[in-house]
Each structure stands twice: as C-alpha cells, then as structure tokens.
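Down below is the structure, laid out as structure tokens.
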Amino acid sequence: MRGLAAVSERLGERLAEEQVRTHYRQLPAVIVAPALGGLFTTWVLWHAVNTRYLLIGLGGVLSISVLRIGLYKWYLHEGETRALHPRWRFFAIATATVSGVIWGSAAIFLYPPLLPEYEVYMLVLLALVPVAPVAALAVYMPAFYAYYIPCIAPFIITLGVQDSRAERTTALLLVMMMGATLTFANKYSAMLTEAIRLRLKLAAKKQALEQSIVVKTRFLAAASHDLRQPVHAMGLFIESLASRIRDIDGRKLLQQISESVVSLRRMLDAMLDISRLDAEIVKAQRCNFRLGELLSRLHEEFGPLARQKGLRFDYVDSQVVVNSDPVLLERILRNFLSNAVRYTTRGGIVLGCRRQGVCVSVWICDTGAGIPASRLEEIFHEFSQLQNPERNPDYGLGLGLSIVRRLANLLQHNVQVRSREGVGSTFSIELPRTAEKPYSLNDTTEECPAVCPGRGNLLVLVIDDDKSVRLGMTTLLESWNFKVISFATGDQALAEIRRGGCVPRLVVIDYRLSQGETAPAVIVRLKSVLEEQTPFIIITGDTAPERIREAHNAGHMLLHKPVDPGRLKVCVSALLDPEARVVVP
C-alpha cells in the first residue's frame with residue numbers, strides 16, 4: 001500500500017509539473033491577446049472615458065505583457081529540469097492576479113462612460129474580458145482563479161450598485177455567467193488534466209517498453225555472438241575432418257552433420273543480414289543489365305525444384321535493359337521464388353515481367369495457399385511465418401521478406417503483393433528501364449581454388465580469445481598447407497613478432513577480444529612491426545548494427561561468423577595471390 005501511495009504521489013507531482021509547463025507554453029497567447037485588447041479599448045474609448053485612468057490601465061496591461069515575455073524567455077532558458085521549480089507556480093499565480101486586478105479596475109474607474117453611446121461597448125467588454133482567457137489559463141486552475149475572481153468581481157459590484165434596473169439585471173446575469181464559466185473551466189481543466197495524466201502514463205509505459213527492447217536487443221546480440229562461436233568452430237573442424245575420413249559410412253555421417261551446420265549457419269546469416277542492412281553498410285552497386293539474363297539464371301535454378309514437387313514452372317523471357325544492383329535484385333527475386341516453391345503444393349509458378357511506362361515489373365505468381373488480405377503487411381515483419389505455425393526449421397526463420405523490404409528500400413524499388421486466400425499470390429518489384437548499353441552478367445566468373453596457394457612456407461597468424469575457434473582455424477589452415485601460429489591476445493602476438501619468432505604473410509583476427517580489446521586497435525599496433533602490405537581478415541560474431549558498422553569501417557576484409565570454409569578459402573586466395581581470378585564475396 002505504501003508503494004502504491006508513493007507512486008500515486010509521484011504521479012500527482014508530475015501532473016502538477018506538466019500543468020505548469022503547459023501553462024507557460026501557452027503564455028504567448030496570454031501575452032498577445034490582452035495587449036491587443038488593451039490597445040483597441042484605448043482607441044475606442046479615448047474620448048468616452050477618463051483618459052488618465054485609461055492610460056494608466058493600458059500601461060498596466062502592457063507592463064504585465066512585457067513581464068510575461070521576460071518570464072517566458074526565462075522559463076525556456078531554464079530547461080526541462082530547473083523549469084519545474086516551485087517558483088514558476090508562484091509567478092504564474094502572481095501575474096494572473098495582477099492581470100485580473102488591472103482588468104477588473106476598468107469597472108471601477110471607467111464605468112459608466114462619459115458618452116452614453118459607448119455604454120454597450122463597455123458592457124460587452126465587462127462580459128468578455130473575464131471569459132476570454134479561459135482556454136489559456138484553465139490548464140492550471142490556481143492561475144485561472146487568480147485572474148478570474150479579481151477580474152469579474154468589480155464588474156458585478158459596479159453594475160449591482162447602479163440605479164438602473166437594467167444594470168442590476170446585467171450584474172445578476174454576470175453572476176450566472178460566472179457560475180457557468182467556473183463550471184466550464186473546471187470541466188475543461190479536468191479534461192486537460194486527464195489527457196495529461198494519460199500522456200504521462202503512456203510516456204512511462206513507452207519508456208519501460210523501450211528499456212525492455214534495449215535489454216532484449218542486447219541479450220539477443222550477446223546470445224547471437226556466443227552462439228556463433230561454437231558454430232564457427234564446428235564448421236572449421238568439419239571442413240578439416242572431411243579430408244581425413246575415407247570410409248563411406250563415415251562420410252555419410254559427416255555429410256549429415258555438415259548439412260545440419262549449414263542449416264544453422266543459414267539461420268544465423270539471415271539474422272546477420274538484417275543487422276548489416278540496419279547498420280547501412282550494404283551499398284547498392286547499380287549498373288545497366290539485361291533482365292532476361294538474371295531471370296534465365298533463376299529459371300534454371302528453380303525449375304528443377306518446382307518439377308520435383310510436381311509443379312509447372314512457366315518462364316517468360318525478356319530483352320529489356322534495367323538499372324539496378326543485379327546481386328541485390330537477385331536476392332529479392334530468389335526469396336520470392338523460394339517462397340513460391342516452398343508454399344505451393346499444386347498448380348504452378350510463373351516468372352515474367354511486364355512493361356509499365358518507363359519501368360518494368362518483374363512478377364512471380366503462384367497457385368499456393370494465398371495470404372489473408374488483413375495480413376499482407378504482417379508477412380514483411382521479422383520472424384513472421386503465416387504458413388508455418390509449428391515453426392518447422394525447414395521453412396526458415398521468417399526473415400526473408402523482411403530482408404526483401406530492406407533491400408527494396410535500399411534500391412528504391414517498389415515491391416507489391418497481391419493475394420487471395422486459397423487461390424495464390426503474386427509478388428512484383430518495379431525496376432527502372434534504360435536504353436543505355438547493358439553490362440553482361442554472364443561475363444562475371446567466380447573461381448574458388450581447390451587448394452589455397454600455401455606451400456608450407458607461408459605463415460598465417462590467428463588471434464582469437466576462444467580456444468576452440470583458434471584450434472579449429474589452425475587445423476583448417478594447416479589442411480590447406482599453411483604454417484599457423486595462434487594467440488589469444490594481441491599483446492601475445494606482438495611479443496612473439498618482436499622476438500623475431502614469426503613474420504606472418506596474413507593475419508586472421510577476431511573483432512572482439514578479451515578485456516575490451518578490438519581488432520582495429522590490435523591491427524594498429526601490429527602494423528608498426530609488420531610489412532606494410534600484410535593483409536588482415538577480421539572475423540566477427542557481433543550482430544549489433546553499431547558493432548558491424550565499426551568493424552566495416554576498419555577498412556579490412558570482414559567476414560561474419562560462422563564463416564563458410566569455402567568463402568574463407570576464396571578470401572585467403574584473393575589476399576595472397578593478387579593475380580588469381582577470384583571474386584571476393
């Protein structure tokens with residue numbers, strides 16, 4: 001109970017603070033309106049009332065407006081923390097009181113006017129002046145009462161003591177208006193207070209939710225990194241073991257283990273793709289190319305997969321030239337086709353394109369289960385799998401379309417989806433056409449040498465604080481005929497080099513080492529004792545976007561755990577044999 005009372009008390013304090021803050025935010029309206037009203041009243045009544053009192057009243061109105069301007073600027077200068085000091089409540093009530101007294105004095109000193117024809121204006125003025133600032137002052141009721149009571153009371157008294165029945169009746173009318181105004185002001189204030197209370201509660205929940213998301217993100221990033229370590233080491237050991245097992249049963253068992261590791265690696269890579277896109281390190285390499293070359297390649301790849309499931313696969317060739325990144329576009333289309341084959345059990349799939357003005361749309365149509373219209377947006381969310389409620393790992397993690405959306409935004413291509421439940425789905429992406437000379441995608445070759453250019457005399461330095469990863473990397477590199485030395489820290493490697501024990505031709509280093517040490521910092525120290533052209537490969541298991549961005553900005557070749565041994569072989573060959581025709585992934 002005591003805890004609930006403390007929470008309630010704190011909410012009440014924050015509510016009062018927010019009311020004062022809103023009051024000062026509305027001060028410009030409270031400043032401008034009275035000043036303009038005072039000037040206009042002075043102009044209208046200049047010869048109709050006692051001019052001296054009129055000037056004194058105008059001076060008072062303008063003075064309080066100038067004072068409020070100073071308070072407004074001071075309040076803004078104070079900042080959010082110091083602006084909650086109790087003195088601001090006092091200033092709000094004090095200035096409202098003075099303003100109410102000044103306007104209330106008009107009834108005492110200016111009524112009745114010297115010229116009878118201005119009496120109507122005076123009565124309207126007496127009725128409107130107390131009511132006008134209700135909306136601005138009712139957010140903080142103490143300030144409203146401080147203004148309203150001294151403002152309207154002299155009006156009622158002045159009219160009530162007049163001899164005319166009409167004036168006394170007007171005083172009675174003002175009393176009734178005062179009751180109505182106070183009722184309205186209190187209800188209006190209650191509505192504003194409730195709105196502020198709800199906003200404060202929502203802000204508190206939003207802050208708690210954001211904090212929870214931060215904690216979960218950090219946990220997932222740490223868990224992902226820790227999970228990648230053993231998977232990375234496992235892949236290295238399996239690749240090393242492959243060349244040592246000769247019997248058929250052993251190789252079948254090793255193949256099954258390898259397929260399980262590959263499946264796990266693909267899941268981890270999908271999560272890594274999300275992080276790399278969020279880190280904005282994926283850059284689009286746009287060029288002009290013939291769309292038919294890409295579509296033909298995809299048809300040749302997915303056609304046999306569709307026929308294995310008894311599906312038709314119709315393909316419409318195209319000679320149109322488009323401008324895009326062929327690699328990223330292929331990933332998008334590959335994802336669409338993969339889902340079409342995976343979720344279609346009868347009928348067929350169509351891959352083709354349609355010209356639309358200066359653009360062309362690539363279409364992938366299927367006769368699968370379809371998607372409910374109310375859930376079309378949901379399929380692009382992370383880990384969303386409408387057709388896989390059992391979370392069968394054979395269907396992936398549900399990250400494919402989330403990656404597609406990020407890639408499409410990067411390429412500035414419009415992706416659309418149309419679907420009817422039980423009939424099928426159509427995914428399309430819109431590409432800009434061009435009349436310029438196309439680049440041939442078939443000219444690109446990628447060669448992965450069977451054996452790296454190690455001949456037993458090339459030394460590779462491995463730095464990783466994980467013992468199993470060091471052992472796995474050492475075993476794999478030695479199977480490629482390299483000499484390998486490995487250390488857990490940069491200091492150990494640096495000390496060995498300075499003793500003259502090694503001069504590595506290549507350094508493979510983990511991005512995050514023990515005791516807060518990172519690869520870029522270690523590389524700076526290593527460069528002071530190594531040859532200038534010594535290449536470095538940074539390997540990281542971090543998936544947090546900021547960590548990926550830092551590793552990418554280091555300027556060296558970057559690979560992500562778990563590293564595919566074939567990809568590592570390509571990278572090593574590219575760095576140690578510059579003349580080799582190798583496309584580095």
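In this label model, His47 and Leu76 are separated by 4.2 nm, measuring between points 7 Å along each Cα→Cβ vector. Between amide H atoms placed 1.01 Å from N, distances below 5 Å from Ile463 occur with Phe487, Val508, Ile509, Asp510, all of them 5 or more places distant or on a separate chain.
Partners of Lys205 within straight-line reach, counting lysines whose Cα lies under 25 Å from its Cα and excluding those fewer than 8 residues away in the same chain: Lys216.
Between Leu128 and Val316, the contour length at 0.36 nm per residue exceeds the Cα-Cα span by 60.0 nm. Compared with the alpha-carbon gap, the fully stretched path from Ala488 to Ile257 is longer by 80.3 nm at 0.36 nm per residue.
Comparing Cα centroids, region 309-349 and region 47-80 end up 73 angstrom apart. If I take R0 = 56 Å and measure r between the Cβ atoms of Leu114 and Leu198 in this structure, what FRET efficiency does the formula 1/(1 + (r/R0)^6) give, to the nearest 0.05? Rounded to the nearest 0.05, the efficiency is 0.60. Indicate the gyration tensor shape class of region 53-193 (rounded, prolate or oblate), computed on the Cα atoms with a ≥ b ≥ c the square roots of the eigenvalues: a/c under 1.5 is rounded; otherwise a/b larger than b/c is prolate and the rest oblate. Oblate shape, in that a/c is at least 1.5 and b/c is the bigger or equal ratio. Note on Glu496 and Leu39: their simple-model spin labels are 8.3 nm apart, each label 7 Å out from Cα toward Cβ. Cross-link partners for Lys569 among the lysines, with Cα-Cα distance under 27 Å and sequence neighbours closer than 8 places in the same chain left out: Lys252, Lys283, Lys467, Lys483, Lys527, Lys561.
Here Lys309 and Glu478 are evaluated by their C-beta separation; at R0 = 60 Å the FRET efficiency comes out at 0.90.
Spin-label pair Ile149-Glu378: with each label point 7 Å from Cα along the Cα-Cβ axis, the two points sit 5.8 nm from one another. With 0.36 nm allotted per residue and the present C-alpha distance subtracted, the Leu410-Met191 stretch has 74.3 nm of extension available.
We did not get these values from a lab; they are worked out from the coordinates using the rules stated. Only a predicted model underlies this, so the values are computations on that prediction, with no experimental measurement involved. We place every Cβ from the backbone using ideal geometry, glycine too, and count neighbours over all the protein chains shown.
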